[in-house]
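The structure appears right after this line, and notes come after that.
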Amino acid sequence: MPASVVDPLPVTAPYYQQAGINFEGDEWNLDAFIEQRRAQARKKARYDESIPKTTVESLTDLAAEPYVEPTEQHARKQDDIARKYLKAFRAAKARIMELKDDARAEGYGVSAASENDLLAFLNGRVFTRRPFITLLDNGNLRALWKNAEGEQIGLQFRGGKQVQYVLFARRKDEGFMARASGRDSLAGIERQIEAHNLGRLMTA
Amino acid sequence: MRIKYKHPPINELVMGVYFKEPIIKFRSEHVGIYWAIIKDEFPKSVQNIMIGNVDIQVPSEIFPMPRFWFMTEDEVYLIQIQRNAFIFNWRRRDEEYPHYEPLKKRFDKHFSQFENFCKEEFGLARIDVERCELSYINIISDEEYFRSFDEVKNVIPSFVPLSFNDKTKNLSHFNISYVYPCEQDVALTVNLQSRRHKKTDKDALYFELKSSGSLSQPTKSEADSWFDRAHVVIGGAFNGLTSHEVQRQHWQPRKN
């Protein structure tokens, strides 16, 4: 058999699969890829000699901690919060995907407007505790944060940047539970949560 | 009593505020919008890693947002922004040190501009400030009273290096930090380092006085009061730590 005059085209995986992204699976592969790229960037920054170091790294494991400047401590604390927030956000997003899959399997759907508003809310403020997310009969998503004392933030995302809310806040001095409910805008609900000092339920 | 000097050895002044929470809606794509507002005055830009070598990343962000520098054409003034901080520097080039008060006014102007940008772009009611920092960085090199590291004592009379034998007379390098809690919310850090002058390659004494602290209330008036007190703490430390002889003869005080 005569040899081909041209080389066969190389059989390679699409670029995104080479990079470790599998669009046919779930989105966790994308998250893993992003995490890998971040780790690479951090490693590069650590070993880039042109960048001045702010701390002296020990070559041994010492029994005593070095002094860390308060500003650096502040940055590390915020970085830790950001990592917890990312984790909680991903867990919330995975839960939404799960609810969508379940609804699809049963012949229902999740309101896209409700989903968009919930994601916009979660994208707009720091939370380190993931909410309980449920799908209501009307196709809207509901997010709930509560604590052992019975305090809660319950938000139904109605779409069109409207939120129906139920807030329980314990008044410690007076010894009773204040309750508030109603409808507000996405921006307004932030103010409602702060006014009732309930932001701590999302970060505790 | 505050003392201003005609020829202070200051090389850089830094004022910074660190936010209570990182602005998570603030992403790299917004930085260009902010730069457009200040670009006439700050036409140069550089990227740096974040202070503390952290990421403070938010969902759906592929790459960590760096710290951005925006500089005036002559590189004397510098604005630094990262997701959780706003920092303003004055750096010595050819002009004389303008002193604290005009620089604080400039800081206020630029921070207010940044806060307005955040209000409009992200719907924030205000930026809550948690920590403040004020740093004076003095560089002393090739002076009549300081030519090498053997003469640090001429500048800072209380400086005594560790000594174990006569060889320490030729101290070649040091890197020392002292932290003094001065007021309930103001800690003073004094950093002393041996460095080489970039232009002359001669011994240079790096003498930094940095006040930092947390605010009891995240308000602008609280921050203003904090900066004024931090300025007094630094002034007192500078006058107390440095040689009165050098102050009088070379830096030349003028009483206010």
What's the center-to-center distance, using Cα atoms, between the stretch B:169-184 and the stretch A:183-204 in Å? 46
At a temperature of 25 °C and a viscosity of 0.890 mPa s, determine how fast the protein assembly as shown diffuses translationally according to Stokes-Einstein, using the Kirkwood radius over alpha-carbon pairs as Rh; express D in µm²/s, rounded to the nearest whole number. 94
Rg(Cα) / (2.2 N^0.38 Å) computed for the stretch A:127-204, rounded to two decimals: 1.08
Which net charge results for the neighbourhood of B:Ala187, defined as the other residues with beta-carbon distances under 14 angstrom from its beta-carbon, given Lys and Arg at +1 and Asp and Glu at -1? -3
Fewest to most Cβ atoms within 10 Å: A:Met97, B:Met15 sort as A:Met97, B:Met15
Where in chain B are the DSSP H helices whose alpha-carbon span along the long axis reaches 15 Å or more and whose Kyte-Doolittle mean is at least 0.5? B:28-38
Within the set A:Lys87/B:Lys119; A:Lys84/B:Lys25; A:Lys84/A:Lys146; A:Lys87/B:Lys20, which residue pairs have Cα atoms separated by over 24 Å? A:Lys87/B:Lys119
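If Lys and Arg each add +1 and Asp and Glu each add -1, what is the summed charge of the other residues whose beta carbon sits under 14 Å from the beta carbon of A:Phe176?
Net charge in that neighbourhood comes out at 0.
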Go ahead and set up a Gaussian network model of chain B, Cα springs under 10 Å, then flag whichever of B:Ser212, B:Ser135, B:Ser60 fluctuates most. B:Ser60
Given a Förster distance of 45 Å, report the FRET efficiency between B:Gln113 and A:Ala178 from their Cβ-Cβ distance, rounded to the nearest 0.05. 0.70
Taking chain B as a Gaussian network, Cα atoms linked when under 10 Å apart, which of B:Lys44, B:Lys105, B:Lys199 shows the biggest mean-square fluctuation? B:Lys199
If you add up the charges near B:Ser135, with Lys and Arg at +1 and Asp and Glu at -1, over every other residue whose beta carbon is less than 10 angstrom from its beta carbon, what do you get? -2
From a point 7 Å beyond the Cα of B:Asp142 in the direction of its Cβ, which residues of the stretch B:207-226 have a backbone N at a distance under 20 Å? B:207
Once B:Val46 and B:Ile176 are pulled to full extension, the length gained, defined as 0.36 nm per residue separation minus their Cα-Cα distance, is 43.9 nm
Just to check I understand the Karplus step: with θ = phi - 60° and J = 6.51 cos²θ - 1.76 cosθ + 1.60, what whole-Hz values come out for the stretch B:173-178, glycine and proline as x? 8, 7, 8, 10, 10, 10
List residues of the stretch B:125-167, by number, whose backbone nitrogen lies under 20 Å from a label position 7 Å along Cα→C-beta of B:Gln217. B:125-133
Sparsely packed GluC sites (Glu not before Pro) within the stretch B:169-256, loop by DSSP, other Cβ within 10 Å at most 14: none
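What is the calculated FRET efficiency for A:Leu144 to A:Asp80, with r their C-beta to C-beta distance and R₀ = 22 Å, to the nearest 0.05?
After rounding, the FRET efficiency stands at 0.30.
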With label points set 7 Å from each Cα along the Cα-to-Cβ direction at A:Arg170 and A:Glu35, the distance between them in nm comes to 3.5
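Where a number appears in this text, it was derived from the coordinates with a stated rule and is not lab data. Note that the coordinates shown come from a computational prediction; the quantities given were computed from them, not determined experimentally. Note that we place each Cβ from the backbone using ideal geometry, even for glycine, and neighbour counts take in every protein chain shown.
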